[in-house]
Amino acid sequence: SEQLRTLSALPAAQRLVDESQGRINEQILVVAELQKHLNAISAEVDGLSQERQARGAEYSGLHLRKNAQVERRDSLKQQINAGAETLLGFLRRHHPTWTENIARLIPVETLMRTDLNPAFLEEVQQNLYGVEINLEVLPQAAVASTHALETEIASLTAQIQALSADMEVMEKQQRGVEDRLRQAGARASATQKDLSNACLDLEILKSDHT
């Protein structure tokens, strides 16, 4: 009779073992699924981070271009409004033919200086420090024409406005990426917590099984 009770107990014990192993197997699948989900979210976070970095670099490039064009436009405006204290202002007021000769030779930076103290010589000479050169082969300087300066300013203004519009679009897109990145980060954190708990549950099941 004792032997019969022992034999009848074996299947019951085996069922408990099998049920325990079944729970372990199920938990292993839960852990694997959570790990797979976490890997997918991590890949999404990496992709969004790279996209944010690329957009940031592109935005910086646009910002540099815009600043350069604003600086160029400001310089042209200063040339148009050059005061009498500049060489350019002096020439416009006192030298009718400066656009045909001096403008071809002297760079804008020099024309805009205020420390040159220009004055006319009593004897007018159509040469350069005693050397006569053919000025016709030199290009006409933009600074010699107010109309040319105004045209370039208008073109730069249009380009600056276009760049500003592109930057606004990119800022909006970047905010969207930032939002998605925050959401993905929150999902990754929650999934990591679930995975840690699932792994802990699995270890407990294994401990009970043994």
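The values are calculated or read from the model by the stated rules, or taken from the named source; none is laboratory data. From a predicted model like this one, the values you see are computed outputs, not experimental measurements. Note: ideal-geometry Cβ built from the backbone for every residue, glycine included; neighbour counts use all protein chains shown. We work out accessible area using only protein heavy atoms, side chains counted, and drop any ligands, DNA or RNA first. Shrake-Rupley method; radii C 1.70, N 1.55, O 1.52, S 1.80 Å.
Observations on the structure shown:
- Its Kirkwood hydrodynamic radius, worked out from the mean inverse distance over all distinct Cα pairs, puts the range 160-205 at 13.4 Å.
- Look at [x] -0.67; [y] -0.38; [z] -0.61: the one that is log10 I(q)/I(0) by the Debye sum over Cα atoms at q = 0.09 Å⁻¹ derived from this structure is [x].
- What you get for the chain, charging only the Cβ of Lys and Arg (+1) and of Asp and Glu (-1), is a dipole of about 440 debye around the Cα centre.
- Rolling a 1.4 Å probe over the protein heavy atoms gives the chain an accessible area of 69 Å² per residue.
- Relative contact order of the chain: 40 percent, from C-alpha pairs under 8 Å at least 6 residues apart in sequence.
- Extension reserve of the His37-Asn67 stretch, reckoned as 0.36 nm per residue once the Cα distance is removed: 6.3 nm
- Span-like helix criteria (full DSSP H runs; alpha carbon extent of at least 15 Å along the helix axis; mean Kyte-Doolittle hydropathy of at least 1.6) are satisfied in the chain by no helix.
- In angstrom, the C-alpha Rg and Dmax of the range 57-125 are 16.3, 59.
- Candidate lysines for bridging to Lys172, where Cα separation is under 21 Å - those fewer than 8 sequence places away on the same chain excluded: Lys66
- Computed in the context of the full set of protein chains, the accessible area of the chain at 1.4 Å probe radius has 54% of its extent on carbon or sulfur.
- Note on Arg55: accessible area approximately 60 square angstrom, rounded to 10, probe 1.4 Å, nucleic acids and ligands left out.
- The distance linking the range 146-169 with the range 28-103 is 13 Å (Cα centroid to Cα centroid, whole angstrom).
- Summed side-chain charge close to Val31 - residues other than Val31 whose Cβ falls under 12 Å, Lys, Arg +1, Asp, Glu -1: -3
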